[in-house]
Amino acid sequence: MASPGVYVFRRKGHVVYVGRSDSNVAVRENASFRQGVYDLTSDIYETSSAREAYLKECRLFHRHDPIENEIHPQVPAAANWRCPVKGCCWS
């Protein structure tokens with residue numbers, strides 16, 4: 001069953017990338033995994049909505065400051081969501 005969510009890739013045990021899918025996190029995670037060199041295991045967090053996926057991605061992005069995420073997670077087109085992390089310029 002396809003669901004939105006967030007995935008986390010590690011290298012040598014350290015979080016290096018946090019990604020999101022607003023529709024099918026398993027497919028997106030699989031495609032992204034092939035584009036880099038990561039530990040063989042990853043974390044997938046399924047969510048009930050695209051908005052919940054965005055909020056989770058923001059929290060993980062700020063908590064881990066992954067080196068392969070060059071920019072803050074993007075809000076989907078036509079959405080007026082804000083980052084839940086206090087002090088973030090996107091909040």
* For the range 32-91, which residues satisfy the criterion of being under 18 Å from SER3 (Cβ atoms) and of a type in the set (Val, Ile, Thr)? -> ILE44, THR47
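Identify, from the list LEU60, LEU40, LEU55, the residue that is of a type in the set (A, V, I, L, M), on the phi < 0 side of the Ramachandran plot and part of a loop (DSSP other than H, G, I, E, B). Lay out the reasoning, then the answer.
On the way: LEU60 fails: part of a loop (DSSP other than H, G, I, E, B); LEU55 fails: part of a loop (DSSP other than H, G, I, E, B).
Result of the check over LEU60, LEU40, LEU55: LEU40.
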* To do: Starting from the range 1-25, keep only residues that are over 13 Å from ALA53 (Cβ atoms), then list their pairs with residues that are buried (at least 22 other Cβ atoms within 10 Å of the Cβ) and among the charged types (D, E, K, R) whose Cβ atoms are within a distance under 6 Å, requiring at least 6 positions of separation or different chains.
  => none
* To do: For the range 29-45, name all the residues that are under 11 Å from the mean Cα position of the chain (by Cα), surrounded by 15 or more Cβ atoms within 10 Å (Cβ to Cβ) and either over 29 Å from ALA78 (Cβ atoms) or among the acidic types (Asp, Glu) (or both).
  => GLU29
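Would the range 27-43 turn up any residue that is in contact with a Pro (Cβ under 8 Å, 6 or more places away or on another chain), within 26 Å of GLY87 (Cβ to Cβ) and not small (Gly, Ala, Ser)?
In the first step, residues of the range 27-43 are kept if they are in contact with a Pro (Cβ under 8 Å, 6 or more places away or on another chain); the result is none.
For the range 27-43, residues in contact with a Pro (Cβ under 8 Å, 6 or more places away or on another chain), within 26 Å of GLY87 (Cβ to Cβ) and not small (Gly, Ala, Ser): absent.
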* Structure fact -> Restricted to the range 16-28 and to residues being hydrophobic (A, V, I, L, M, F, W, C) and buried (at least 21 other Cβ atoms within 10 Å of the Cβ), the residue farthest from the chain's Cα centre (by Cα) is VAL25
* To do: Working carefully through the options PRO66, PRO73, find the one that is over 12 Å from PHE9 (Cα atoms) and either without any contact (Cβ under 8 Å) to a residue 12 or more places away in the chain or in a loop (DSSP other than H, G, I, E, B) (or both).
  => PRO73
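Here, each number is a calculation from the coordinates, and none is a lab measurement. From a predicted model like this one, the values you see are computed outputs, not experimental measurements. Using ideal geometry, Cβ is built from the backbone for each residue, glycine included, and neighbour counts are taken over all protein chains shown.
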